[in-house]
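The values are calculated or read from the model by the stated rules, or taken from the named source; none is laboratory data. All values derive from a computational prediction rather than experimental measurement. Here the Cβ positions follow ideal geometry from the backbone for every residue, glycine too, while neighbour counts run over all protein chains shown. To get the accessible areas, we keep the full protein, side chains included, count just its heavy atoms, and leave off ligands, DNA and RNA. Shrake-Rupley method; radii C 1.70, N 1.55, O 1.52, S 1.80 Å.
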Amino acid sequence: MLAIGQENLWNLDFNALPPFYSKLLAIVFICINAILLNFVFNSLEFYDKFNYLPSIIYVLLVFLFPISLRFGEDLLGHLFFILAFNQLLSIRQNDDARNHTFLSGLFLGIAATFLPVYFLFIFVIWFGLFTIRPFVFREYLLPLVALIFPFLWIVLVNPYFIDEFFDFDSTLNFSRFGEFLILLPHIVIIVLAILANKKILERRLKSSIRFKRIIAVTFIALLFSASLSVVILLFFDTYFYFTIGAAILPFVLPFAYLEVKNKWLPNILFYALIILNIVKFLF
């Protein structure tokens, strides 16, 4: 009960699910999202060898939050955001991008119907287009049209959804744990991100142009997510929206472990995340 609030625009009450089925669905969707992240990471060749780190990192990150214990709109938002991100990163410089841009916007629109904050990620799609492709106006218009498309159905079940669009009234209260459960995971993740960034910068020097572009889009998505979460924290006093970054970090953090000479520090941080997850359940 640390997480309070439901922002889905479909007026679905996920709290009405019996606890057993809610937990079961949470496990199922965490597994689906983890496997999907792994598929996207490997199929888009973020790394030249198959690896399973994105799935493991996603599970460790999600289990730091109450969304790992109950089924709700946040896990559905992750699912459709990952699908949208896959379509965006699948765009190639010399290929017709209309299909990918439309589907990216459509999946993002569906994610926004479950967690409206995803609507703002249209800027990430536009940045991705700007980075990967020459400017074609209709390719910038298509994702916006597709993003709005799911809301034509929302009107049928929730005519006043605009009033709920930017309420940001979901809360996440870690007060009973003390500040350590907020501070330590953030320190661990920030240090891992710095280590990963160091490796990515080294890899960029000898990598393909495509890798440079998709990793640039990924970093912008991560920075946008973090900045958005901090702004919401400052103005609405809730940590809840940091959960959106859990669907992006698994594309970056694996590089803290791939072909690194000194593995002791990332390994310690990896086990620190596991320990934090265990300690959380002891309270």
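Things to note:
- Output for the stretch 134-155, where each listed residue is within 24 Å of residue 9 (Cα to Cα) and of a type in the set (Phe, Trp, Tyr): 149, 151, 153
Conditions tested, residue by residue: (1) among the hydrophobic types (A, V, I, L, M, F, W, C); (2) touching a strand residue (DSSP E or B) at 6+ places or on another chain (Cβ under 7 Å); (3) closer than 21 Å to residue 110 by Cα.
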| site | (1), (2), (3) |
| --- | --- |
| 17 | yes, no, no |
| 25 | yes, no, yes |
| 40 | yes, no, yes |
| 47 | no, no, no |
| 66 | no, yes, no |
| 71 | yes, no, yes |
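- Within the stretch 27-47, the residues that satisfy the criterion of being more than 18 Å from residue 90 (Cβ to Cβ), open to solvent by 30 Å² or more (accessible area, probe 1.4 Å) and either in contact with a helix residue (DSSP H, G or I) (Cβ under 8 Å, 6 or more places away or on another chain) or in a loop (DSSP other than H, G, I, E, B) (or both) are 29, 32.
- Looking across the stretch 111-127, not a single residue is modelled with pLDDT under 95 and either under 16 Å from residue 99 (Cβ atoms) or touching a strand residue (DSSP E or B) at 6+ places or on another chain (Cβ under 7 Å) (or both).
- Matching residues in the stretch 131-152 - criterion: being open to solvent by 60 Å² or more (accessible area, probe 1.4 Å), part of a loop (DSSP other than H, G, I, E, B) and among the hydrophobic types (A, V, I, L, M, F, W, C): 135, 149
- Some residue of the stretch 121-130 being open to solvent by 10 Å² or more (accessible area, probe 1.4 Å) and free of Cβ contacts under 8 Å to residues at least 12 places away in the same chain: yes
- Checking each residue in the stretch 195-214 for being open to solvent by less than 40 Å² (accessible area, probe 1.4 Å), closer than 14 Å to residue 256 by Cα and of a type in the set (A, V, I, L, M, F, W, C) picks out 196, 200.
- Scope the stretch 61-75; condition part of a helix (DSSP H, G or I) and surrounded by fewer than 22 Cβ atoms within 10 Å (Cβ to Cβ); matching residues: 66, 68
- One residue stands out among those in the stretch 168-185 that are at pLDDT below 75 and part of a loop (DSSP other than H, G, I, E, B): the one that is most open to solvent (accessible area, probe 1.4 Å), which is 179.
- Among residues of the stretch 92-104 that are more than 20 Å from residue 45 (Cβ to Cβ), those with a Cβ under 7 angstrom from a residue that is hydrophobic (A, V, I, L, M, F, W, C) and assigned to a helix (DSSP H, G or I), sequence gap 6+ or separate chain, pair up as 98/142; 101/129; 101/142; 102/142; 102/146.
- Residue identified as part of a helix (DSSP H, G or I), open to solvent by 30 Å² or more (accessible area, probe 1.4 Å) and touching a helix residue (DSSP H, G or I) at 6+ places or on another chain (Cβ under 8 Å) among 235, 255, 242: 242
- Candidates 188, 217, 155, 230 - the one that is of a type outside the set (Gly, Ala, Ser), at pLDDT 90 or above, open to solvent by 30 Å² or more (accessible area, probe 1.4 Å) and not in a loop (DSSP other than H, G, I, E, B): 230
- Residue that is open to solvent by 40 Å² or more (accessible area, probe 1.4 Å) and farther than 24 Å from residue 154 by Cα, where the choices are 24, 12, 103, 83: 24
- Those residues of the stretch 210-234 which are of a type outside the set (Gly, Ala, Ser) and in contact (Cβ under 8 Å) with a residue 40 or more places away in the chain, in sequence order: 210, 211, 213, 214, 215, 217, 218, 220, 224, 228, 232
- Screening residue 48 with (1) out of contact with any Ser or Thr (no Cβ under 6 Å at 6 or more places or on another chain); (2) of a type in the set (Asp, Glu); (3) over 27 Å from residue 199 (Cβ atoms) gives one miss only, at (3).
- Test: residue in the stretch 36-46 that is within 14 Å of the chain's Cα centre (by Cα) and over 23 Å from residue 274 (Cα atoms): yes
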